[in-house]
Amino acid sequence: METHAHTATHDMDHQAGHTHHHEHPKLSFIEKYVFSMDHKTISKQFLFTAMFMALVAAILSTLFRLQLGWPGHSFPVLHYFLGDRWAKGGVLDPNMYLGLVTIHGTIMVFFLLTGGLSGTFANLLIPLQVGARDMASPMLNMLSYWFFFIASLIMFISLYLETGPASAGWTIYPPLSALPQAIPGSGAGMTLWLVSISLFVVSSLLGGLNYIVTVLNLRTKGMKMTRLPLTIWALLITAVLGVLSFPVLFGAAILLIFDRSFGTSFYLSDIYIGGQALSQTGGSPILFEHLFWFLGHPEVYIVIMPAFGIISEIMSVNARKPIFGYRAMIGSMLAIAFLAFIVWGHHMFVSGMNPFLGSVFVFTTLLIAIPSAIKAFNYITTLWKGNIHFNPQMLFVIGAVSTFISGGLTGIILADSALDVAVHGTYFVVAHFHIVMGLSAVLAMFGGVYHWFPKMFGRFMNKKLGYWHFWLTFVCAYGVFLPMHFIGLAGVPRRYFNNDLYPAFDKLQHLNVIISVFAIVGVLSQVIFFVNFFYSMFKGPKSEQNPWNSNTLEWTTPIVPEHGNWPGELPVVHRWAYDYSKPGKDVDFIPQTVPMEEGEMDEGEHV
C-alpha cells in the first residue's frame, strides 16, 4: 500500500510541477555560493578544487622531472619552490624527491581523477539528465564536497611540513609508511596523508550513496533505465564501485594508523632499524598490499568509468549518430565493474604469491580485455560514416579512446605474470597506467568541460584556444609516456632519485631528457586551458539553450538553470537519448521529451 501511495503522491507532485520547490527564500552569498545545496554549484566547487589540486600536482611533476632529466643539476626554480631545506643551491634533496612523487600520485589519482571527475560530472549531470530537481539529499551532497575540500587542504598543507610530506609512494606500503622513524617523510607527513585520505573516503561514500539513490529513485516520468544516457549508467556504476571498495582502503588506513601510533603490528614483523630490533611481531606487509589493491584496482575503474560515460555522450552528439550498441555498452560496463573486484592480485605477482593463485589473477585480468575491447570497437563504429563535428570536445574524447587502446595494449603484457616479473617496478608500469588511466580520464574530463561549459556558465569556451590546448596536450602526453616504455623495458626502476650507480643506464639518459622536455611543455600548455576557462566564464560568447543540438534533458532547462532546474513541470521522457540522424526525420536530432510517433521504435529497447 505504501508503495502505491508514494507513487500516487509522486505523480501528483509531478503534475503540480513541484511548485513548493520554487518558494525559496532569498539566499545569502554564503548559502548560495559557499555552503550551497544546489547540485550545480557543488559541481563547480568540485571542479575548481580539482583544478587547483591538478595545478599543484603538475608543478610537483615538473620539479621531479627536472631532477630525472638533468640529475644533480642546480635549478633556481627548485630553490624558489622548495627553499634551502629541500633544494639547497637549487639541487633537489633525495627525501623531497620521494615526497614530490608521492603527493603527485596521490593528488592525481584521488583528488583529480576520483573527486574531480566524479564530483564534477555526477553532481552536474545526474539530476539534470534523469529529470530531477536536485540530488536525493542535497545536505549530504554539500557535506561530501566539504569533506573533499578539507581532505584536499590537509594534503596540500602536508607539503609545508618541516619533515616533508608523505614519502612512501602513493601506495604507501609499510614498513616505510608504518615506521615514523624510517625516513623524514614517514613522520608527520604520513600522518596527515592518512587523515586526508580518511576524510576523502568519507566524502566519496557520502557522494556515492547520494548518486545511487538519485538515479534509482528520482528519475522523471518515462525515464526507464533503458532510456538513461550512458553518462548516467557510467556514474551509477562508478558510485557502486566506490561504495563497495573505498571502505577497504579506509580499513587499511585505520590499521596503519594503529601500527604507527598505538604499537600494534598488523603490518609489522621482525624489523631491524638502525641495528635495533623492534618489538612488533606477527604482522605482514602483504596484508596491506591485499587491502590496498582491493581498493586500488576498482579505483582505476572508478577513474575511467565516468570517462567512458563522457566519451559516449560527446561522441554520439558530435558524430550525429546513435551510440553503437547501447545495451552492449551497459553490459560491458557492468562486466568491467564485476571483474574489477577479482583482479587485484596482478599488482602483487612479485610479492611471493603462490604461482597457481597468480595464474588465476592472470586469467581474470585478461578477461577484462573483452568488455574493454567491446567499448573500443563500439566507439570506432559510432564514428564510422558519421557526420563528425571536430570541435575541441570531440578531439579530446577521440584522443581519450586512442590512449585507452594504446595504454590497454601494454596492460596485456603486465597482466601476464611471466612477463610482469621482468618489468614490475620499472618505468614500463608507470608508462602503462599513466596512458590507460591517467591520460584517458584527463582527456575525457577536458572534453566534458568544453562540452558542458555552456550549461555551467551560459557561455562558450574559445574554440581556437581549445584546438591549441588539445594538440599540445596530446602530443606532449605521448612524448612523455611513449619513451618511458623503452627505458622500462631496459630495466630502469621507478621512484629512483637518480641512476648514477648503474652505468648500464647511462646511455638511456637522453630519453629521460626528452621525457622531461615534453613534460614541461605539456604542463605549460595547460596555461592555455586555464586562461580560456576563466576568461570564457565572464567574457565568452553567450550560449543558446541547446548549443550542440543534443537530445538529453539538461538542454531542456533554461540556459543557466536556477535551483530546481526546470521552472515549470518536470519534463516527461518518451524515448532514449540517442535519436540522432533518424531515418525519415527532417532534423538530425530528436530530444528525449518529443513523443513517439505511431509506428516509431524506441531504439533503447532493442539496441
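The values are calculated or read from the model by the stated rules, or taken from the named source; none is laboratory data. Bear in mind that the values here come from a model prediction, so they are computed numbers and not experimental data. Every residue, glycine among them, receives a Cβ derived from its backbone with ideal geometry; neighbour counts consider all protein chains shown. Ligands, DNA and RNA are excluded from the accessible area calculation, which covers all protein heavy atoms including side chains. Shrake-Rupley method; radii C 1.70, N 1.55, O 1.52, S 1.80 Å.
Roughly speaking, to the nearest percent, how much of the chain's 1.4 Å accessible area is carbon and sulfur? On the chain, the fraction of accessible area on carbon and sulfur atoms equals 70 percent.
Distance between the modelled labels on K507 and H389, one decimal in nanometres: 5.3 nm (7 Å Cα→Cβ projection). Once the Cα-Cα distance is subtracted from the 0.36 nm per residue extended length, the H606 to V572 segment shows a gain of 10.2 nm. Exposed loop sites here are trypsin sites (Lys or Arg not before Pro) assigned a DSSP state other than H, G, I, E or B and surrounded by at most 11 other beta carbons within 10 Å; excluding them, the longest clear run of the chain is 27-384. What FRET efficiency, computed as 1/(1 + (r/R0)^6) with R0 = 41 Å and r the Cβ-Cβ distance, is obtained for Q181 and I514, rounded to the nearest 0.05? Between Q181 and I514 the formula returns 0.55. Here the dipole of segment 497-607 is about 780 debye; that uses its Cα centre as origin and unit charges on the Cβ of Lys and Arg (positive) and Asp and Glu (negative). Just going by the charge dipole of the chain, with Lys and Arg at +1 and Asp and Glu at -1 on Cβ, which of H485, N391, G438 is farthest out on the positive end? Highest projection toward the positive end goes to N391. Extension gain for F341 to N498 (0.36 nm times residue separation, less C-alpha to C-alpha distance): 52.9 nm.
So what is the diffusion coefficient of segment 168-299 in µm² per second by Stokes-Einstein at 25 °C and 0.890 mPa s, using a Kirkwood Rh over Cα pairs? My calculation gives 147 µm²/s for D.
With the charge dipole of the chain set up from +1 on Lys and Arg Cβ and -1 on Asp and Glu Cβ about the Cα centre, the Cα lying farthest toward the positive end among the listed residues W293, F363, V101 is that of V101.
Compare D270, D579, D586 by solvent-accessible area with a 1.4 Å probe and give them largest first, with all protein chains kept in place.
Of D270, D579, D586, the descending order of accessible area is D586, D270, D579.
For segment 277-343 versus segment 128-164, the spacing of their alpha-carbon centroids is 21 Å. Spatial offset of segment 192-241 relative to segment 390-404 amounts to 25 Å, using the alpha carbon center of each. The phi-based Karplus calculation (6.51 cos²θ - 1.76 cosθ + 1.60; θ = phi - 60°) puts the 3J(HN,Hα) values of segment 497-511 at 5, 7, 10, 4, 6, 10, x, 4, 8, 4, 5, 8, 4, 4, 5 Hz, whole numbers, x for Gly and Pro. The separation of segment 570-607 from segment 45-119, counted between C-alpha centres, amounts to 48 Å. The chymotrypsin sites (Phe, Trp or Tyr not before Pro) of segment 390-457 that DSSP puts in a loop, and whose beta carbon has at most 13 other beta carbons within 10 Å, are F390. Largest accessible area first, the residues H563, H451, H510 order themselves as H510, H563, H451 under a 1.4 Å probe with ligands, DNA and RNA left out. The residues of segment 259-412 have, on average, 39 Å² of accessible surface per residue, using a 1.4 Å probe with all protein chains present. Taken per residue, the accessible surface of segment 520-576 reaches 45 Å², heavy atoms only and a 1.4 Å probe.
Less than 20 Å from a label point 7 Å out along the Cα-to-Cβ axis of F486: which backbone N atoms in segment 510-527 qualify, by residue? Within reach of a label on F486: 510-522. The amide H of F589, built 1.01 Å from its N in the peptide plane, has S581 as neighbours under 5 Å, considering only residues 5 or more places off or on other chains. Annotation for F356 and L153: the two label points, set 7 Å from Cα along the Cα-Cβ direction, are 5.4 nm apart. Taking amide hydrogens as placed 1.01 Å from N in the peptide plane, the amide H of I271 sits under 5 Å from those of L278, each at least 5 positions away in sequence or on another chain. The charge dipole of the chain, taken about its Cα centre with unit charges on the Cβ of Lys, Arg, Asp and Glu (plus for the first two, minus for the last two), comes to roughly 1080 debye. Along the axis of the charge dipole computed for the chain (Cβ charges of +1 for Lys and Arg, -1 for Asp and Glu, origin at the Cα centre), the listed residues N462, V317, P174 are led at the positive end by N462. Modelled spin-label separation between L27 and L366, with each label point placed 7 Å from Cα along the Cα-to-Cβ direction: 5.3 nm.
Compared with the alpha-carbon gap, the fully stretched path from V421 to F48 is longer by 130.2 nm at 0.36 nm per residue. For R459, the amide hydrogen comes within under 5 Å of the amide hydrogens of S543, counting only partners 5 or more places away or on other chains and with H modelled in the peptide plane.
Do you know the relative contact order of the chain, to the nearest whole percent, from alpha carbon pairs under 8 angstrom that are 6+ apart?
Details: 987 pairs, mean separation 94.8, N = 607.
Result for the chain is 16 percent.
Exposed loop sites here are GluC sites (Glu not before Pro) assigned a DSSP state other than H, G, I, E or B and surrounded by at most 13 other beta carbons within 10 Å; excluding them, the longest clear run of the chain is 163-543. Looking at segment 60-125, the accessible area is 31 square angstrom per residue; that uses a 1.4 Å probe and ignores ligands, DNA and RNA.
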